[in-house]
Amino acid sequence: MTRSYLSFSAAVILQALASGYRYGFDIMEATGLPSGTVYPALRRLERQRFISASWEPHHIAQRELRPPRRYYEVTTVGGKALGEAVKRYRLLAPPHSRVGALRPAHERG
Amino acid sequence: VKPHLQVIAVLSRIVPRHARADWRQEWEAELTYYELHHERVRAGGHASLTLFTRSLGAVVDALCLHATLYERMWRKGNHMSRPQRALSLMIYALATAGLAGINLVWTVDDTPLIAAMQEHAALSIFWHLVAWGAIVAFGAAAVAGLPVLGVIAARAWRDRRWDTLGRLAVPPLTATLVLIWLTTAFAWSGSHWMPLPWDIAGDWTAPANWPSTQTRWLLGGVTSGLLVTAIAASAVSLTGAIARSELPMRLVAFLKGAAAALAGAIGLMAIAVAAWGILANDYASAALHSRLGGALGSTILVSWVASSTLFLAATAFAVRGAVMSAAPFVRD
């Protein structure tokens, strides 16, 4: 299998999923990315097996009289890819783990 | 039905069939959930507008699904190597540029724009650039493509691979068919009128010995269909033959240079055609706008826009082919 590098937006989306956002519109809200970026990226990540998708249980949707939503979750392979992406795009890492040079200038002093 | 759900229903028609049901359900569910749970939408007066704009985001998603499908067909279905894909793109570029060029030449032929070109050097220079671009483009394609196609034909003949030979025979066969059609229709009209799409109707009076306007529309329409089909079928058949054959690597080495020359020449033609049209608008505006010299009774302006668009598409194919051929030649 060829090694796939994640684009920054794909990594952000993957990180949003890893943080518990599981639906397309939730990811849009969390990342601020438009649907034209989020959905194609989700399809690509699913094709690369970095995420898996399944349908929400029927009874939950039925209670609200709406069709079931499709939710996504990060796979093991996706988790590894996200780990690599975080190393590459250090802005994705939590602030305390960033090395000095990548901290904003006002924090570096 | 709410407008945002109507948008999704309409857009679902352009989603590839195998993914359509899931795609529609996902978008409908997301929008309905958003409508039910998003406080801002429920409280605000612009709820419908917000949902409608959100639903429009599905256009990109639907189109990307198509792009993905074609990409997979292209990469996996055809099992083509980089040189095969590069050569195929060169063929598509040449076919598209050929169609654009034929349309442009026949559109301008026998119009006051010829006189305008004699008067204004700049107009003439850009016209000549198009012609030189065409010579370089066809030359580059012939130098790189013909030997490769020759070897493919020879190997197919040796191995009795009739499907490949059949595909290689499509361009000469379709060209012959178009010629037979043109000469037959010309003879039928008493050798007075050639059924060309550019000679159907216009702001001129047809000679008395030409067929009726209705007949000209019918026969000219057939020629248009035949011409486009012949060029498209030839390009698709050649690509099919290339996909089924192992390319001679020694000849493939020529591809890099030829693909770059083709991309440069077609790009030059696209720029020159655009510049020529802009200058024609300045120097011979009346002829460009009102003269019905284009294909199927259109104005010269419309025909020029069509040719310019086709040249742009041809440039995109050619540049993609050049980029692909510049990469190392390994089977991927």
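Worth pointing out:
- Simple point charges give the picture: +1 on the Cβ of Lys and Arg, -1 on the Cβ of Asp and Glu, and for the stretch B:80-209 a dipole about the Cα centre of about 1040 debye.
- Residue of B:R85, B:R54, B:R158 that the Gaussian network model of chain B assigns the largest fluctuation, springs spanning Cα pairs under 10 Å: B:R54
- Compactness relative to 2.2 N^0.38 Å, alpha carbon Rg of chain B: 1.25
- Counted as membrane-span-like here are DSSP H helices of chain B whose alpha-carbon atoms extend 24 Å or more along the helix's own axis and whose Kyte-Doolittle mean is -0.5 or above; these are B:82-108, B:121-158, B:162-188, B:213-243, B:249-283, B:300-326.
- Principal axis dimensions, the protein assembly as shown - Cα atoms, whole angstrom, descending: 82, 59, 54
- Hydrodynamic radius (Kirkwood) for the stretch B:215-312, which is based on Cα pairs only, to one decimal in Å: 16.6 Å
Computed from the coordinates by the stated procedures, all read-outs in this text should not be read as laboratory data. These numbers were taken from a predicted model, which means no experiment stands behind them. When we count neighbours, we look across all protein chains shown, and the Cβ atoms used for this are built from the backbone with ideal geometry, even at glycine.
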